[in-house]
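Here is the structure we will look at.
Where a number appears in this text, it was derived from the coordinates with a stated rule and is not lab data. Everything quoted here is computed from the prediction, not taken from an experiment. Glycine gets a Cβ as well: all are built from the backbone with ideal geometry, and neighbour counts include every protein chain shown.
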Amino acid sequence: MAEHVLSIKERKSTGKEAARKVRQQGYIPAVLYGYKGNRILSVAAKEFIKIWEEIGEHSILNLNIEDKDKAQVIVKDFQLDPVTKEIIHIDFLEFEKGKVLRTEVPLHVVGTSKGVKKGGILETFVRDVEIECLPRDIPDSIVVDVTDLEIGDSLHARDLTIDENIKILLNPEQVVITIGTPTKIEVPVEEEEVVLAEGEAPAEEVKEPEPEPEPETEH
């Protein structure tokens, strides 16, 4: 997994008003949850977003805290503005080298299954997979090839292929992906009923008049 350096500032003020001022200055309020204690930080929004778009949320970040301290972290959580969808808060989780940690990595589906080509529907029940491993072994994603899945086939957590240094924490019987059968719904066609007014008799069937015989002509 790639590692990237991110410059961080410490901040002393907390609360909504302090966080608002931090954002106005082009920074994102953040909290570092460290194994030695928690710290209140702020990170330059442009710098973080540039790295974020490049690596995503599951990569290791090396925090450079005012050139005085360093910490290896992953992004534990983040909050988005409900209107602008901009990141307005970040939680970093620090880890110790040589110690395993728990995190989630995305499931990446590749290939087009044989069942889908026959009209089946691919259904995904797990988007992120919880794993346990050393920080250096955290994968960017867990890749699943569905090419050979037919209609009715399912792939379980026990079927996921991953490095032996990584432990998947899902129940082995957890269904991850299945190829479902498309359901056809037939709508019955009802005959139109004729509603008669009170006292009105049903109309008799109208017969076409038989053609009159042609008059005989003398030759």
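Structure notes:
- Ratio of the Cα radius of gyration of the stretch 1-114 to 2.2 N^0.38 Å, where N counts its residues: 1.16
- For the stretch 154-159, putting each phi into the Karplus relation 6.51 cos²θ - 1.76 cosθ + 1.60 with θ = phi - 60° gives couplings of 10, 10, 9, 4, 5, 8 Hz, in residue order, rounded to whole numbers and with x for Gly and Pro.
- Inter-label distance, nm, simple model (7 Å from Cα along the C-beta direction), VAL83/LEU170: 3.9 nm
- Chymotrypsin sites (Phe, Trp or Tyr not before Pro) within the stretch 91-147, DSSP loop, no more than 14 other Cβ atoms inside 10 Å: PHE125
- Along the stretch 138-144 the Karplus relation, 6.51 cos²θ - 1.76 cosθ + 1.60 evaluated at θ = phi - 60°, assigns HN-Hα couplings of 5, x, 5, 6, 10, 8, 10 Hz to successive residues, with x for each Gly and Pro.
- Sites ARG158 and GLU17, calculated FRET efficiency, Cβ-Cβ separation with R0 35 Å, nearest 0.05: 0.10
- Sequentially through the stretch 13-18, phi angles give Karplus couplings (6.51, -1.76, 1.60; θ = phi - 60°) of 7, 10, x, 5, 5, 5 Hz, Gly and Pro residues having no value and appearing as x.
- A full extension of the chain between ILE51 and GLU66 corresponds to an added length of 3.6 nm, given 0.36 nm per residue minus the alpha carbon distance.
- Hydrodynamic analysis of the stretch 102-155 uses the Kirkwood radius over alpha carbon pairs. Inserted into Stokes-Einstein at 10 °C and 1.306 mPa s, it gives a translational diffusion coefficient of 128 µm²/s.
- For peptides 129-136, 66-73, sequence by mean Cβ density within 10 Å, most packed first: 129-136, 66-73
- Sparse-neighbourhood loop sites, trypsin sites (Lys or Arg not before Pro) in the stretch 13-67 - DSSP loop, at most 14 other Cβ within 10 angstrom: LYS36
- Loop chymotrypsin sites (Phe, Trp or Tyr not before Pro), the stretch 28-62, which have at most 16 other Cβ atoms in a 10 Å radius of their Cβ (DSSP): TYR35
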